[in-house]
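Colleague: Quick one: structure below, then a few questions.
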Ligand code: CA
């Protein structure tokens with residue numbers, strides 16, 4: 001697709017993408033999209049009547065400070081809006097191209113706006129669906145011969161997390177404090193974590209509501225998946241180790257998790273579907289599916305020490321997931337749990353098969369035993385204060401690149417008690 005907006009080579013945001021986000025434009029906050037390096041204020045397009053032909057009953061969705069009302073229109077409408085935007089910005093379309101007044105009000109450069117949380121996240125689930133990650137953790141902390149627990153190949157293991165501390169890229173996070181037990185034979189101690197880690201994840205955000213007591217099948221799951229974001233599920237490994245028995249992680253993962261600001265729709269990613277890994281043993285019937293259920297999305301993690309430059313420390317891919325998003329959502333609802341617009345579902349740490357594709361410091365540095373070198377000569381086994389973690393994601397095929405932008409956070413020293 002060709003646009004009348006210039007799109008730099010290798011941009012994450014060609015006309016084929018059209019992600020949705022929320023921007024602060026200074027005097028107001030409203031839904032937006034991005035083409036190349038141009039941010040488009042959808043409230044201005046609504047002001048000028050551009051969406052009038054789409055038969056949307058309530059145009060106030062384009063003036064809300066969160067995307068939940070827009071997403072609640074349903075996929076038929078939101079997809080129509082996305083296609084309409086693609087048409088409006090096509091090279092041969094003059095409707096907006098020739099309207100100098102509307103253009104001057106609607107188009108911004110990224111430097112002129114602040115990205116906000118795109119959705120109000122009502123509920124947050126985190127899965128554990130990378131077999132390489134689950135195996136690595138099992139080898140490190142339990143038994144190399146039985147690294148995967150007996151349930152792992154039978155269901156997408158997950159837990160219900162904390163949604164209030166999910167924040168948008170650019171939000172800095174203070175090093176968490178808590179209880180740890182550094183020595184087996186010594187009492188537990190309190191203080192800032194010494195094992196702060198990132199988790200390279202993607203997350204999907206649902207649109208649509210289901211009634212309590214109903215279930216969503218694997219075949220229907222994608223009707224409820226609005227789109228995806230990058231997700232850095234920061235974790236404090238030493239706090240986690242002491243607290244997690246028997247109910248799972250608690251404060252070690254609720255002090256801040258960071259998402260990329262643009263929700264890339266499932267429709268924008270259709271060209272990048274690939275088959276997932278063979279599942280053995282065969283899952284129960286409610287989890288069985290055929291076809292191309294994974295996505296070939298390249299993932300990168302960079303660590304930048306203070307006053308230094310980015311070092312690439314991990315290259316992974318979303319296609320490695322053992323359990324698909326459809327299976328995760330089918331499992332989430334099989335007992336009767338209802339879902340809502342704006343719910344967020346983390347994939348779990350996405351590790352690949354090679355040591356440079358592991359999606360956490362825990363694995364990259366193998367529990368602190370293998371330091372990694374930064375470009376400035378310093379070494380890391382976990383994240384230090386003032387380090388910046390940047391994640392990037394993009395799918396690329398046949399000359400088309402669909403990307404997610406960046407998911408970035410800087411770690412600040414622990415707050416005083
Ligand atoms: Ca996680």
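Colleague: Quick check on the chain: of the DSSP beta bridges with both residues there, what percent are antiparallel, nearest 5%? Kindly include the intermediate steps, with their values, before the conclusion.
Modeller: Details: 65 of 73 bridges.
In the chain, approximately 90 percent of DSSP beta bridges are antiparallel ones.
Colleague: Relative to the longest principal axis of the chain, what angle (0 to 90°, nearest 10) does the C-alpha long axis of helix 131-141 take?
Modeller: Helix 131-141 sits at roughly 30 degrees to that axis.
Colleague: Just 333, 406, 354 to compare: in a GNM of the chain, with alpha carbon springs under 10 Å, which one fluctuates most?
Modeller: It is 354.
Colleague: What are the equivalent ellipsoid semi-axes of region 21-116, built from the alpha-carbon gyration tensor (square roots of five times its eigenvalues), in whole angstrom, biggest first?
Modeller: Values: eigenvalues 69, 62, 27 Å².
Three semi-axes, in Å: 19, 18, 12.
Colleague: Follow-up question, since we're still on this one. What percentage of all Cα-Cα pairs in region 89-163 are separated by more than 15 Å?
Modeller: Numbers: 2054 of 2775 pairs.
Of all Cα-Cα pairs in region 89-163, 74 percent lie more than 15 Å apart.
Colleague: Next question. What angle, in degrees between 0 and 90 and rounded to the nearest 10, separates the Cα long axis of helix 75-88 from the longest principal axis of the Cα atoms of the chain?
Modeller: Roughly 60 degrees, rounded to the nearest 10.
Colleague: Ok, one more. Which three semi-axes in whole Å describe the equivalent ellipsoid of region 124-412, each the square root of 5 times a Cα gyration tensor eigenvalue, listed largest first?
Modeller: 29, 22, 19
Colleague: Take the Cα of residue 76, step 7 Å along the line toward its Cβ, and report every residue of region 217-232 whose backbone nitrogen sits under 19 Å from that point.
Modeller: 220-226
Colleague: Please sort 370-378, 136-144 by packing, taking for each peptide the average over its residues of neighbouring beta carbons within 10 angstrom, highest first.
Modeller: Working: 370-378: 13.2, 136-144: 14.8.
The densest-packed peptide leads the list: 136-144, 370-378.
Colleague: Further question: Compare 65, 118, 283 in a GNM of the chain, Cα atoms joined below 10 Å, and give the one with the largest fluctuation.
Modeller: Result: 283 has the largest fluctuation of those listed.
Colleague: Can you give the calculated 222 nm mean residue ellipticity of the chain, where each DSSP H run of n ≥ 4 adds -39,500 (n - 2.57) and the sum is split over every residue, rounded to the nearest 500 deg cm²/dmol? Write down the numbers at each step before the final one.
Modeller: Details: 9 runs with 66 residues, N = 417.
That calculation yields -4000 deg cm²/dmol at 222 nm.
Colleague: Next question. How far apart, in nm, are two points set 7 Å out from the Cα along the Cα-to-Cβ line at residue 107 and at residue 334?
Modeller: Rounded to a tenth, the inter-label distance reads 5.1 nm.
Colleague: Also, I was wondering about something else. Going by average Cβ density within 10 Å per residue, which order do the peptides 166-177, 93-104 take, highest to lowest? Intermediate results must be reported in sequence, preceding the final value.
Modeller: On the way: 166-177: 18.2, 93-104: 13.4.
Top to bottom by mean Cβ count within 10 Å: 166-177, 93-104.
Taken together, the values in this text are just the output of simple stated rules run on the coordinates, not laboratory data. The structure presented is a predicted model; accordingly, all values stated were derived computationally and were not measured. Cβ atoms come from the backbone with ideal geometry, glycine included; neighbour counts cover every protein chain shown.
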